[in-house]
1. What nm distance separates the two modelled labels at residue 466 and residue 154, each placed 7 Å from Cα along Cα→Cβ?
2. Report ³J(HN,Hα) in whole Hz for each residue of the range 303-314, in order, from the Karplus equation J = 6.51 cos²θ - 1.76 cosθ + 1.60 where θ = phi - 60°; Gly and Pro get x.
3. Quick query: amide H of residue 407 versus all other amide H atoms, modeled in the peptide plane; which residues come in under 5 Å with a sequence gap of 5 or more or a different chain?
4. Among 316, 344, 292, whose Cα lies farthest out toward the positive end of the dipole of the range 290-354, if unit charges sit on the beta carbon of Lys, Arg (+1) and Asp, Glu (-1)?
5. Please give, to one decimal in nm, the separation of the simple spin-label points placed at residue 30 and residue 197, each 7 Å out from Cα toward the Cβ.
6. Full-extension gain between residue 72 and residue 361, please, as 0.36 nm times their residue separation minus the C-alpha to C-alpha distance.
7. Students often check this: by mean Cβ neighbours within 10 Å, which of 377-383, 19-25 ranks highest, and how do the rest follow?
8. Through the Karplus equation 6.51 cos²θ - 1.76 cosθ + 1.60, θ set to phi - 60°, convert the phi angles of the range 60-67 into ³J(HN,Hα) values in whole Hz; use x for Gly and Pro.
Amino acid sequence: MSIRRRMFWANVLMVCVPVVVAVAVGAVLAVGIVGAMQHGTGVGINKSGDFYWAGQTAAEAAEHALDAPEDEATDGWDSLAALLDANRMGMAVTDDAGTVYAHGSAPDGVDALLAAARAVGEDGAVVSAGGTSAFVTHVTYDAGNAYEVVVWGEAGPVSNDALKRMLGTDALIFVAAVVLAAVLTNRFCIRFVYRRIEQSLAELETGVHHVQDGDLSYRIAHETADEFAPICATFNDMAQRLEDSAARAARDEQSRKELIAGISHDLRSPLASIQGYVEGLLDGVAATPERQRRYLQVIERKARDIDGMLAQLLAYSKLDLGESAVALEPVRLDDAVREQVADLDAVLAPEGLDLSCGHLDAAPVLADRTLLARIMRNVADNCMKYGRSADGRPRLRASVTVQGETARLRLADQGPGVASEALGRLFNPLYRADAARTNPAQGSGLGLAVVARAAEAMGGAAHAENAPEGGLVVVVALPCMKGDERDAERPGN
């Protein structure tokens, strides 16, 4: 049940329960007071108003006895006699034929009081004198029977005090019952509503403390479908994101450490070669001009290897840190691939690379031409080192296909491929199949890592797969331009 619904029912209970209890207790107490008055608790008659109501009650009781069947009339008169005795009153009921009912002996002076009451000329007249009161009323039935009812009695202050005590006690009981009902209802509402809120807040507080202490794996198990459910779900999602971010940061930190270690290892080999050949020149080991020239050529080649490694490292670092300026523009990927194949063929064909185009779908994308060129060059360099076919010549074939909203650039060589378990690690910085890293001249291990970062910088992704017919295929997937984006680039728009 939601908190809002719980609050609604709590408000209803807070209003209804005390009201129902007040009505029920009040009714019970009222019935008790009336019963006590009718069956004798000593109703006081110290005022004419009090005596009027006492006389009226006795007259009504006489009326019921007169109107009752004969087998019930005796019980009615007996009840009336008990009422009169309890309140120290007397009564006489007369009609034209004489006295119908009489109870109690009249004290001195009552006749004069009754005469005075009759002289008033209206029913219910009360006349008091010397502590004695008289009440006169008439009862007439449809049958024409008319009765005069007279009631007399003496004042009783002690009985009046008893009535006051009863009323005071009943008032205290009434107030106590209402207060108790309100308190119990309030306690129930607290358990029904606020405990649910407190429990949910406690769950959130516990989760925050776990995250604060570094326990990012903690999740809140909130199973109630209330207003706190989305908050707890958001907290769990936040914790998951933080955990993923921490794991990613740990992986990146480990990658940076491996990168530093790998680059240091790769630089040591050419630097050691340069140092050795320079010492040979200085020590006169290369005595002839031809040998000196050969030493200098080796030094120049090692320096070029170091420059290539540093260039790849700089490119990777800028892409990894987001510091590389990415100029996305509308590009026909198929046209860009044709241009790059032509440019690379002119440069790398003399070194033996066989570079060609396969099937090229028309693929409008938003891309950076410089990053596309770097992707093509890095894959081509990788093919020249590792992708030689059976005849020993490196061959690379470029194709473009469109699948749904994604354009795929496929660069396939005809080399031996790689083990399936190594495919997912080819784009890791400094990864090479040469686990001992003893041949840095064959590459820095950053070429495909730069390819992956360049693809990500353009909103795409890169992966590798082994071709069914043999060889390694590097796939770069880029999102195609949407219709409204293409329309916006048309001349005149």
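1. Result: 12.7 nm between the two label points.
2. My calculation for the range 303-314 gives 5, 5, 4, 5, 4, x, 4, 5, 5, 5, 5, 5 Hz in order.
3. Answer set, sorted by chain and number: 478, 480.
4. Ranked along the dipole, the leading option is 292.
5. Here the modelled spin labels are 3.8 nm apart.
6. Contour length minus Cα-Cα distance gives 92.7 nm.
7. With the highest mean Cβ count within 10 Å placed first, the list reads 377-383, 19-25.
8. Values, residue by residue: 5, 5, 5, 4, 5, 5, 5, 7 Hz.
The values are calculated or read from the model by the stated rules, or taken from the named source; none is laboratory data. Computed from a predicted structure; not experimentally measured. All Cβ positions, even for glycine, are placed from backbone atoms using ideal geometry, and neighbour counts span all protein chains on display. For the accessible areas, the whole protein counts, side chains as well, though only heavy atoms, and no ligand, DNA or RNA atoms are used. Shrake-Rupley method; radii C 1.70, N 1.55, O 1.52, S 1.80 Å.
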